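Just below is one structure, and these are the notes that go with it.
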Amino acid sequence: MTALSTAPGHVADRAAARPARRSPALRGTPGQWSGRFVVALVLLAFGLFFAIPIVWLLLATTKSPTDLIQNNPFSFGSLDGFAVNWNALFAFQDGAVVGWLGNSALYSVLALVITLVVSVPAGYALALTEFRLRRALLVTTLVVMLIPNTALVLPVFLELNSVGLIGSPLAVILPFSFFPFGVYLTYIYFNTSIPRDLLAAARIDGCTEFGVFTRIALPLATPVVALVAFFSFVQNWNNYFLPFVMLPASDQYPMQVGLTSLLASTPAFNPSSAGAASVQLPTLALATIMSVLPVLIVFLFSQRFLVSGMTAGGTKE
Amino acid sequence: MTATVPDVEATIAAGVTPHLGRSPRRSGRASVRRSPVKNRMGYVFVSGYTVLMLVFGVFPALYALVLSVTTIDGSFAGFDNFAKVLGDYRFLPAVGHVAVYLAIWLVSLLVLVVLLALIVHAIRIRWLSTASRFVFYIPGALAGASSVMLWLFVLDPSVSPVGPLLEAFGFESFVQTINPANLPVVFTVIAFWTGAGGWIVIMYGALNNIPEEVMEAAKIDGANAVQTAVRIQLPMMRKWIAYMGIMSLAAGTQLFVEPQLLSQASNAVVANDYSLNQLAYLYAFQQNDFNGSAAISILLLVIALALSAFFVARGGLFEKD
């Protein structure tokens, strides 16, 4: 996504003009020192605030229910404990979790594919072609992109209910596929990063309009396509409200909604659910990890790519 | 509130938009050929997206609007449905809950995100700056139900990693921690934990876009870090701060998943009609009153649309030609 930045050379210039920045300032007045101390304290406090819950959650999956309550919150249980929790989770309602994870993957990936198939050409057309109502479509895209996606959930439910689509996987996949933000991202990319002369040259060489898009523009847009794919996937995978409303049957739930079924069967939070099928807290912790695992992995391993994409033109590194 | 994180991510990515070089595009404008063929291809390329936009953006909104002004048998009802939901004994408390939550959340979000972004930006030690942003940002992967689930554990003193801290505040049990009076703060903490990191990364990007010469000039004039922040950095981040405020306000009015899960996890210590979206949900699913549900949805949608349209028109952050 660095291709989106205004002028790659600019960043380098700036870094060169600022050699002083490299030396960690170890000198300073007492006032500066106390300032630094406060800053360090604030950073540490918020670092702990953001990190502790995740670290704790990872450790919790290795413990037995009694360890979880009695032992130090930051102690490691045992690999056996993890295996027990793992087996308990996948034994819940005869392996319901596998089905939920599969549903999440199915809904997210299908919607992602449709999103890419419709959004990338749309962004291209908005940026590089002229047609009637182009500007209207662009402004509508912007406005819809900025409203919270929960705002349309109940209206879409009412609409799909009137045509009898509730309970169909399509009731989740198709609304997921409408992703104005993806169109806007590709629009910006095509508008700023594709030399128009290149497209004109292809035309002169006899390339069809469709060929110009598939052979010239699309290969150049790989980074932005990846970015749209990522955002679409994360948003679909994590969505709770829409599938919660659209899919009444448990075997159709995505993992996010399935998670609440697990919660309802956890006696620690819901005493009425005590029984043979009950879920222990460490198992619920493991379920929470499983429910975000694909997204977490993407976040961990592509953070650099994502962050540079998000703030292209403004990164220091 | 399911929207928070995707929104923030969306927002972050939208960070690519400003400060993009305009000049190459403008000069390139002249070379665009607008042949009839090209015209037709334009329609073909936007057709799929336009259909989705109509079916899942425009029509649902219009249909909800129609439902909200009709009765169950389809005859015109005027504002009866709106009068009914506004007069519902659960409506005003729900507005109150959402408003208190919004006030606490917006203030803490604005103050802390800007402060943390300034601090992270000021760090001279590169690995520390990178690592801080990483730690702040990672919780964004846990959105919606997952982050609420995690916080159920953290808020339960018997298993919480910060149990002693909760007890120091006088919370001995889960039910005490999630006492309805604490909920706005609890939701703020959850939303901040999940979403703030994304905003910090955006603000950090905005700070990096302030020209080095301006910062140098301030330093030469003898401005210290605080003066530079107040006189230069804050004014130059104004648009982004406004953006964060408006987007968070719009997302906050939609509060749903947090109270919904807490209600389930607490055996209804938290009522299931805590927020407006929950009330709209109850109208549709418990009372089978789709017209009433549509009326609440329309009220929420109008707020969201108004904020969004206002920002698109006045914010100056997005390119719309």
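The values are calculated or read from the model by the stated rules, or taken from the named source; none is laboratory data. For clarity, every value in this text was computed on a predicted model and none was experimentally measured. Ideal geometry is used to build each Cβ from the backbone, glycine not excepted, and the neighbour counts take in all protein chains shown.
Of note:
- Set A:Leu106, A:Leu137, A:Leu133: member being aliphatic (A, V, I, L, M), without any contact (Cβ under 8 Å) to a residue 60 or more places away in the chain and more than 7 Å from chain B (Cβ to nearest Cβ): A:Leu133
- Search result, residues across the range A:59-87 that are surrounded by 13 or more Cβ atoms within 10 Å (Cβ to Cβ), within 11 Å of chain B (Cβ to nearest Cβ) and not β-branched (Val, Ile, Thr): A:Leu59, A:Ala60, A:Lys63, A:Pro65, A:Asp67, A:Leu68, A:Asn71, A:Pro73
- Each residue in the range A:268-313 was checked for being over 24 Å from A:Ser108 (Cβ atoms), assigned to a loop (DSSP other than H, G, I, E, B), at pLDDT 65 or above and polar (S, T, N, Q), and 3 of them qualify.
- Set A:Ile188, A:Ile173, A:Ile166: member being outside any helix (DSSP H, G or I) and either farther than 15 Å from A:Val225 by Cβ or touching an Asp or Glu at 6+ places or on another chain (Cβ under 7 Å) (or both): A:Ile166
- Of all the residues in the range B:152-173, those that are closer than 22 Å to A:Gln256 by Cβ and more than 7 Å from chain A (Cβ to nearest Cβ) number 2.
- Qualifying residue in the range A:202-209 (condition: in a helix (DSSP H, G or I) and acidic (Asp, Glu)): yes
- Summed over the range B:124-136, residues that are of a type in the set (Phe, Trp, Tyr) and either buried (at least 23 other Cβ atoms within 10 Å of the Cβ) or at the interface with another protein chain (Cβ under 7 Å from one of its Cβ atoms) (or both) total 2.
- Condition check for A:Pro8: farther than 22 Å from B:Leu118 by Cα and modelled with pLDDT of 85 or more: no
- Residue list for the range A:236-267, filter: more than 20 Å from the chain's Cα centre (by Cα) and not in a helix (DSSP H, G or I): A:Leu247, A:Pro248, A:Ala249, A:Ser265, A:Thr266, A:Pro267
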